[in-house]
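The values are calculated or read from the model by the stated rules, or taken from the named source; none is laboratory data. It should be emphasised that the depicted structure is a prediction, and the values quoted were computed from it without experimental measurement. Ideal geometry is used to build each Cβ from the backbone, glycine not excepted, and the neighbour counts take in all protein chains shown. Note: accessible area is taken over every heavy atom of the protein model, side chains too, but ligands, DNA and RNA are not part of it. Shrake-Rupley method; radii C 1.70, N 1.55, O 1.52, S 1.80 Å.
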Amino acid sequence: MPWFVWLLAAAALGAAEFFTLTLVFGLLAGAALVAAVVAGVGIGILGQLVALGAAVAAGLVIIRPIALRHMAQQPLPREGSDALIGKRAEVMQEVTATRGLIKLSGEEWSARALDESLVIPVGALVDVMEIEGATAIVYPRQLLP
(Lines give C-alpha, C1' and ligand atoms only; values in the text may rest on other atoms or scores of the structure.)
Protein backbone atom coordinates (compact mmCIF):
# COMPACT_ATOMS: atom_id res chain seq x y z
CA MET A 1 0.00 0.00 0.00
CA PRO A 2 2.90 2.52 0.38
CA TRP A 3 3.12 2.79 -3.44
CA PHE A 4 -0.39 4.22 -3.46
CA VAL A 5 0.61 6.95 -0.98
CA TRP A 6 3.56 7.88 -3.22
CA LEU A 7 1.20 8.06 -6.22
CA LEU A 8 -1.12 10.40 -4.30
CA ALA A 9 1.87 12.56 -3.37
CA ALA A 10 2.98 12.63 -7.02
CA ALA A 11 -0.51 13.70 -8.12
CA ALA A 12 -0.66 16.45 -5.50
CA LEU A 13 2.81 17.72 -6.46
CA GLY A 14 1.88 17.58 -10.14
CA ALA A 15 -1.20 19.71 -9.45
CA ALA A 16 0.95 22.18 -7.50
CA GLU A 17 3.33 22.38 -10.49
CA PHE A 18 0.41 23.04 -12.81
CA PHE A 19 -0.54 26.12 -10.80
CA THR A 20 2.94 27.47 -9.98
CA LEU A 21 5.01 26.57 -13.08
CA THR A 22 8.22 26.60 -11.06
CA LEU A 23 9.43 23.19 -12.29
CA VAL A 24 10.41 22.24 -8.73
CA PHE A 25 7.07 20.64 -7.89
CA GLY A 26 7.15 18.76 -11.19
CA LEU A 27 10.56 17.32 -10.36
CA LEU A 28 9.32 16.36 -6.91
CA ALA A 29 6.31 14.66 -8.50
CA GLY A 30 8.65 12.67 -10.74
CA ALA A 31 10.72 11.69 -7.72
CA ALA A 32 7.55 10.56 -5.93
CA LEU A 33 6.76 8.36 -8.94
CA VAL A 34 10.23 6.81 -8.67
CA ALA A 35 9.56 6.13 -4.99
CA ALA A 36 6.19 4.56 -5.93
CA VAL A 37 7.93 2.19 -8.33
CA VAL A 38 10.51 1.28 -5.68
CA ALA A 39 7.70 0.68 -3.17
CA GLY A 40 5.80 -1.40 -5.73
CA VAL A 41 8.85 -3.64 -6.22
CA GLY A 42 8.76 -4.35 -2.49
CA ILE A 43 11.72 -2.38 -1.17
CA GLY A 44 11.31 -0.95 2.33
CA ILE A 45 10.77 2.64 3.43
CA LEU A 46 14.50 3.35 3.71
CA GLY A 47 15.05 2.31 0.08
CA GLN A 48 12.05 4.39 -0.97
CA LEU A 49 13.46 7.48 0.75
CA VAL A 50 16.89 6.92 -0.81
CA ALA A 51 15.28 6.58 -4.26
CA LEU A 52 13.24 9.73 -3.62
CA GLY A 53 16.34 11.68 -2.57
CA ALA A 54 18.38 10.45 -5.52
CA ALA A 55 15.63 11.35 -7.97
CA VAL A 56 15.18 14.81 -6.45
CA ALA A 57 18.93 15.46 -6.54
CA ALA A 58 19.22 14.27 -10.14
CA GLY A 59 16.28 16.41 -11.17
CA LEU A 60 17.51 19.56 -9.48
CA VAL A 61 21.13 19.16 -10.57
CA ILE A 62 20.65 17.84 -14.12
CA ILE A 63 17.16 18.44 -15.49
CA ARG A 64 16.20 21.83 -13.99
CA PRO A 65 19.22 23.80 -15.32
CA ILE A 66 18.67 22.39 -18.82
CA ALA A 67 14.96 23.25 -18.73
CA LEU A 68 15.61 26.77 -17.42
CA ARG A 69 18.15 27.39 -20.18
CA HIS A 70 15.61 26.35 -22.81
CA MET A 71 12.89 28.53 -21.30
CA ALA A 72 15.20 31.57 -21.25
CA GLN A 73 15.91 31.48 -24.99
CA GLN A 74 14.56 34.45 -26.90
CA PRO A 75 11.95 33.80 -29.58
CA LEU A 76 13.18 33.95 -33.15
CA PRO A 77 12.86 37.45 -34.61
CA ARG A 78 10.41 37.91 -37.44
CA GLU A 79 12.04 38.74 -40.76
CA GLY A 80 10.93 40.06 -44.11
CA SER A 81 7.27 40.80 -44.61
CA ASP A 82 6.37 38.93 -41.40
CA ALA A 83 8.12 41.70 -39.44
CA LEU A 84 5.55 44.20 -40.79
CA ILE A 85 2.58 42.45 -39.18
CA GLY A 86 1.30 44.55 -36.29
CA LYS A 87 2.91 47.78 -37.55
CA ARG A 88 1.05 51.05 -37.95
CA ALA A 89 0.58 52.58 -41.41
CA GLU A 90 -1.08 55.63 -42.93
CA VAL A 91 -3.65 55.40 -45.73
CA MET A 92 -2.41 57.18 -48.87
CA GLN A 93 -5.29 56.16 -51.14
CA GLU A 94 -8.72 55.00 -49.94
CA VAL A 95 -8.61 51.36 -48.82
CA THR A 96 -11.52 49.05 -49.65
CA ALA A 97 -12.01 45.31 -49.77
CA THR A 98 -10.34 45.16 -53.19
CA ARG A 99 -7.77 47.97 -53.40
CA GLY A 100 -5.94 50.78 -51.66
CA LEU A 101 -2.53 52.22 -50.90
CA ILE A 102 -0.76 52.74 -47.56
CA LYS A 103 2.58 54.10 -46.37
CA LEU A 104 4.20 51.36 -44.30
CA SER A 105 7.73 51.69 -42.86
CA GLY A 106 8.53 54.47 -45.33
CA GLU A 107 7.35 52.50 -48.37
CA GLU A 108 4.11 52.47 -50.31
CA TRP A 109 2.22 49.19 -50.18
CA SER A 110 -0.94 48.04 -51.88
CA ALA A 111 -3.57 47.29 -49.28
CA ARG A 112 -6.98 45.75 -48.70
CA ALA A 113 -9.33 46.11 -45.76
CA LEU A 114 -9.63 43.11 -43.45
CA ASP A 115 -13.35 43.77 -43.05
CA GLU A 116 -14.82 43.78 -46.57
CA SER A 117 -17.57 46.22 -45.55
CA LEU A 118 -15.11 48.94 -44.50
CA VAL A 119 -13.92 51.87 -46.58
CA ILE A 120 -10.91 53.47 -44.90
CA PRO A 121 -10.38 57.14 -45.87
CA VAL A 122 -7.11 58.85 -46.82
CA GLY A 123 -5.06 59.91 -43.78
CA ALA A 124 -6.49 57.26 -41.43
CA LEU A 125 -4.10 55.19 -39.34
CA VAL A 126 -4.33 51.44 -39.78
CA ASP A 127 -2.71 48.33 -38.32
CA VAL A 128 -1.29 45.67 -40.59
CA MET A 129 -3.05 42.43 -39.71
CA GLU A 130 -1.38 40.17 -42.30
CA ILE A 131 0.61 40.23 -45.51
CA GLU A 132 -0.55 38.38 -48.62
CA GLY A 133 2.15 38.55 -51.27
CA ALA A 134 2.75 42.27 -51.86
CA THR A 135 -0.57 43.36 -50.32
CA ALA A 136 -1.07 44.41 -46.71
CA ILE A 137 -4.36 43.45 -45.11
CA VAL A 138 -5.23 46.32 -42.76
CA TYR A 139 -7.75 47.36 -40.14
CA PRO A 140 -8.37 50.92 -38.86
CA ARG A 141 -6.80 51.72 -35.48
CA GLN A 142 -9.80 53.55 -34.01
CA LEU A 143 -12.01 50.46 -34.44
CA LEU A 144 -9.65 48.14 -32.57
CA PRO A 145 -10.80 47.17 -29.05
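Remark: pairs (first residue in segment 1-25, within 19 Å of residue 64 (Cβ to Cβ); second residue surrounded by fewer than 17 Cβ atoms within 10 Å (Cβ to Cβ); Cβ separation under 7 Å; 6+ apart in sequence or on different chains) = 23/64; 23/67; 25/16. Inside segment 26-47, residues that are under 21 Å from residue 68 (Cα atoms) and of a type outside the set (A, V, I, L, M, F, W, C) make up a count of 2.
On the stretch given as segment 14-67, residues that are assigned to a loop (DSSP other than H, G, I, E, B) and open to solvent by 70 Å² or more (accessible area, probe 1.4 Å) total 2. For residue 88, are the conditions met, namely being surrounded by fewer than 12 Cβ atoms within 10 Å (Cβ to Cβ) and at negative phi? Spelling it out, it is not the case that residue 88 is surrounded by fewer than 12 Cβ atoms within 10 Å (Cβ to Cβ) and at negative phi.
Among the residues here, residue 116 qualifies as loosely packed, with under 14 Cβ neighbours inside 10 Å and at pLDDT below 95. Based on what the data block shows, is residue 131 within 15 Å of residue 6 (Cβ to Cβ) and either open to solvent by less than 90 Å² (accessible area, probe 1.4 Å) or outside any loop (DSSP other than H, G, I, E, B) (or both)? Here the answer is no, as residue 131 does not meet what is asked. Listed conditions (1) within 30 Å of residue 111 (Cα to Cα); (2) open to solvent by less than 90 Å² (accessible area, probe 1.4 Å) are all met by residue 75, apart from (2).
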